């Protein structure tokens, strides 16, 4: 059974979620630079992930300027883990 | 209707995600003079804590409190510098490296603090800075161990201790230190 998560299907979202598991919070601009996507593209991914409760964002400051900090939720961690397992199963099935 | 990814798409997505996660962690930098400042602040805190036994009614307590404040300030500044430098927060780094809750760090720190208080109680004052420096070095070495573990497994190490656990730990440290001071007097 492949219980992969359609919200996490776009590779950029999977990369964003995986990235957020390695830190407690990441600044929007830091994530954007690492993923090499535009402001608007990252905003759309963050909105989609926030809507299902996988990612939280809050306003803060960094180097005296306003910014947005992103973090993965425990629901997001569980969903990511299940999705990665489903993808690995999918790959294993054809090997 | 959702379309299932092909095995090739799944493999590519997983590879990209793994790379993104490990690239972020391996690209993180420590602020300049990080270990030396943490080591020095810890040594100062241990050394000044022993001053309580020299004069436990007056300036000794003031010196010990000043030592604790130095360590808190240096830790706070280094956490802020780390955040500003990298654009990320890593609670494991904040609690285990700067807060000293990693196993190696807390063990060496406890032994060094106990040793410094014992030396002060025995009036072997020359031993106090020796224990203080050992405690500082233990803090730095414990921090380096955690940092290497984090680089090997960032997702597994990034989470810090819970706030409740930290409060319990710091209360236990204060009570333990008080008991040592009363016992040595």
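General remarks:
- Projected label points at residue B:15 and residue B:84, each 7 Å from Cα along the beta carbon direction, are separated by 4.0 nanometres.
- Area projected by the alpha carbon convex hull of the stretch B:25-116, averaged over all directions, nm²: 6.1 nm²
- Angle in degrees between helix A:11-21 and the longest Cα principal axis of chain A, rounded to the nearest 10: 70 degrees
- Nearest-ten-degree value, helix B:59-86 long axis tilted from longest Cα axis of chain B: 10 degrees
- Across chain B, Cα-Cα pairs more than 31 Å apart make up 29 percent of the total.
- Panel values: the stretch B:76-185, Kirkwood radius from alpha carbon pairs, Stokes-Einstein at 20 °C and 1.002 mPa s, translational diffusion coefficient 141 µm²/s.
- Overall size of the protein assembly as shown from C-alpha positions, given as principal axis extents largest first: 78, 42, 29 Å.
- Chain B: angle of helix B:34-49 to the longest principal axis, Cα-based, in degrees nearest 10: 30 degrees
- Distribution of pairwise C-alpha distances over the stretch A:9-94, 5 Å bins, in %: 3, 14, 25, 25, 16, 9, 5, 2, 1, 0, 0
- Legend: mean number of C-beta atoms from other chains within 10 angstrom of residue C-beta atoms, peptide B:77-87, equals 3.
- The mean count of C-beta atoms from other chains within 10 Å of the C-beta of residues in A:7-16, rounded to a whole number, is 5.
- 222 nm mean residue ellipticity, helices alone, for the protein assembly as shown (DSSP H n ≥ 4; -39,500 (n - 2.57); rounded to 500): -22500 deg cm²/dmol
- Per residue of peptide A:78-90, the mean number of Cβ atoms on other chains within 10 Å of the residue Cβ is 3.
None of the figures in this text is laboratory data; all of them are computed from the coordinates on show. Here the structure is a predicted model, which means the values were calculated and not measured. Note that we place each Cβ from the backbone using ideal geometry, even for glycine, and neighbour counts take in every protein chain shown.
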